[in-house]
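Working notes for the structure below.
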Amino acid sequence: MSFSASLIAMSNAILDAICEHPFVEGIARGDLPKEAAIRYVSQDKPYLETYLRVFARAAALAPSHEDVADFHGRMALLLDGETEAHENLLRYAGVTARDIEDRPKLPTLHHYESHLLAAAAHGDFAELVAAILPCHHVYVEIGARLEAIVQENPRHPFAAWIRFYAQPDMRDATHRLFAMVDRKAAHFSPERARRVETAFLTSSFLEYRFFDMAYRGESWLPKEAMRDVSAP
């Protein structure tokens, strides 16, 4: 078994939990609560800004010209933003991107950004790629599982969102990231392998938490303690 295959096997239970989460099930049925869609986009936009900066660090650490070029291509796509997927959610919710500007960052977003930035600051290339990977892997797998819904109903309210993540280019981009880790894995010490596994699994758990935060809401303090305190 390749190292990347072992990472996938370790995270399959998390992936299944994500696909069974009410947020993803709401996407599948077409009845996601509108506030969940709004909350998701309000947190995903700043997340992608951090993701862009982490990609820049990965490009700086990349061991080959091919890997540098790969990350520069990913950065170019992120600079354009995941507009198709975001616009689908906002259109469904009946709001615009301007309507949700300046919403505060919630704890899960803060945690996820901190994890990625720590991997970028202190991890090696393989550890950083492992931290980056679940965001790709999770959405590609969701797209693959939901693609049949759009084929049966092209007018599904989340057809654009599903198609965005089901496209072959997204899967190819994910495979390239796994291949980057596998090329390094032959030289892993047991300690280094554990660090890479931890980076991958932590991001996988945070992907679950991100959907849960978007669906259920989140606050920095209990509601009764928030009366006179503004979130950071």
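The values are calculated or read from the model by the stated rules, or taken from the named source; none is laboratory data. If you're wondering where the values come from, they're calculated on a predicted model, not measured in any experiment. Note that each Cβ is placed from the backbone with ideal geometry, even for glycine, and that neighbours are counted across all protein chains shown. Side chains are part of the model used for accessible areas, which takes the heavy atoms of the whole protein and leaves out ligands, DNA and RNA. Shrake-Rupley method; radii C 1.70, N 1.55, O 1.52, S 1.80 Å.
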Quickly run through segment 89-120 and pick out the residues that are among the aliphatic types (A, V, I, L, M) and free of Cβ contacts under 8 Å to residues at least 24 places away in the same chain. A118
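Every residue, every condition in (1) open to solvent by less than 50 Å² (accessible area, probe 1.4 Å); (2) under 22 Å from H115 (Cβ atoms); (3) modelled with pLDDT of 95 or more, yes or no:
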residue: L146; (1), (2), (3): yes, no, yes
residue: V150; (1), (2), (3): yes, no, no
residue: V181; (1), (2), (3): yes, yes, yes
residue: A186; (1), (2), (3): no, no, no
residue: E191; (1), (2), (3): no, yes, yes
residue: R194; (1), (2), (3): no, yes, yes
residue: A199; (1), (2), (3): yes, yes, yes
residue: D212; (1), (2), (3): yes, yes, yes
residue: D228; (1), (2), (3): no, no, no
Among what's in segment 151-187 and is assigned to a helix (DSSP H, G or I) and touching a Phe, Trp or Tyr at 6+ places or on another chain (Cβ under 8 Å), pick the residue that is nearest to E127 (Cα to Cα). V181
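Just wondering, is there one or more residues in segment 164-174 that are farther than 22 Å from S4 by Cβ, open to solvent by 40 Å² or more (accessible area, probe 1.4 Å) and of a type in the set (S, T, N, Q)? So that I can check it myself, show each step before the final result.
From segment 164-174, those farther than 22 Å from S4 by Cβ are 164; that's our starting set.
Filter once more, so that each one left must be open to solvent by 40 Å² or more (accessible area, probe 1.4 Å): none.
Checked segment 164-174: no residue is farther than 22 Å from S4 by Cβ, open to solvent by 40 Å² or more (accessible area, probe 1.4 Å) and of a type in the set (S, T, N, Q).
Quick one: count up the residues across segment 194-217 that are over 16 Å from the mean Cα position of the chain (by Cα) and either farther than 28 Å from P33 by Cα or outside any helix (DSSP H, G or I) (or both).
First, pick out the residues of segment 194-217 that are over 16 Å from the mean Cα position of the chain (by Cα): 194-198, 216-217.
Retained after the next criterion (residues that are either farther than 28 Å from P33 by Cα or outside any helix (DSSP H, G or I) (or both)): 194-198, 217.
Counting residues in segment 194-217 that are over 16 Å from the mean Cα position of the chain (by Cα) and either farther than 28 Å from P33 by Cα or outside any helix (DSSP H, G or I) (or both) gives 6.
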When only residues in segment 1-22 that are small (G, A, S) and under 19 Å from F178 (Cβ atoms) count, which is surrounded by the most Cβ atoms within 10 Å (Cβ to Cβ)? S11
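Go through R91, R57 for me and flag whichever is open to solvent by 30 Å² or more (accessible area, probe 1.4 Å), over 29 Å from A126 (Cα atoms) and out of contact with any Lys or Arg (no Cβ under 6 Å at 6 or more places or on another chain). Please lay out each step first, then the result.
On the way: R57 fails: over 29 Å from A126 (Cα atoms).
Being open to solvent by 30 Å² or more (accessible area, probe 1.4 Å), over 29 Å from A126 (Cα atoms) and out of contact with any Lys or Arg (no Cβ under 6 Å at 6 or more places or on another chain) holds for just one of R91, R57, which is R91.
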Checking L109 against (1) closer than 19 Å to L206 by Cα; (2) out of contact with any Pro (no Cβ under 8 Å at 6 or more places or on another chain): exactly one of these is not met. Which one? (2)
Could you check how many residues of segment 68-88 are without any contact (Cβ under 8 Å) to a residue 40 or more places away in the chain and crowded, with 20+ Cβ neighbours inside 10 Å? 1
Go through segment 23-37 and report how many residues are open to solvent by 10 Å² or more (accessible area, probe 1.4 Å) and in contact (Cβ under 8 Å) with a residue 24 or more places away in the chain. 5
